[in-house]
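J.: There's a structure below that I have some questions on.
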Amino acid sequence: MTFFIIKEIFYNVLKCRHINIVMEGKIKLKQRIIECCRKIHLDTIEHLTSEIDEHQQSANDYGLPKDRYDSFRSQMLRRRDMYAQQLHKANQEMSALERIDPNDIFVSF
């Protein structure tokens, strides 16, 4: 009888140890995924910021419209606004990404 109890305890310890090893692997994987997503979002934010600046500068350099059919400046400003909306969304996604705890793993048994 004692042998079976010891065997059961040993099996449970090994099972818990295996779960801990698997959990550590999942945590490391989650950290790597979050870091990759963070890099992608930072690149996106940097790109959008440079596009906004470029279109604003183009509109400023062009000056006022030459006649009423000249829409270059308004096109540049519309594109700047479009990139600004995308930048706002990227910033929201980045803040949501930063709230993720990489050490928190949902486990269901």
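Nothing in this text is a laboratory measurement; each read-out follows from the coordinates by a stated rule. Just so it is clear, the structure is predicted and the values come from calculations on it, not from any experiment.
J.: Which of the aspartates and glutamates could a cross-linker bridge to K66, judged by Cα under 18 Å and excluding same-chain residues fewer than eight apart?
T.: none
J.: Could you name the aspartates and glutamates whose alpha carbon sits less than 18 Å from that of K30, not counting residues in the same chain fewer than 8 places away?
T.: E93, E98, D101, D104
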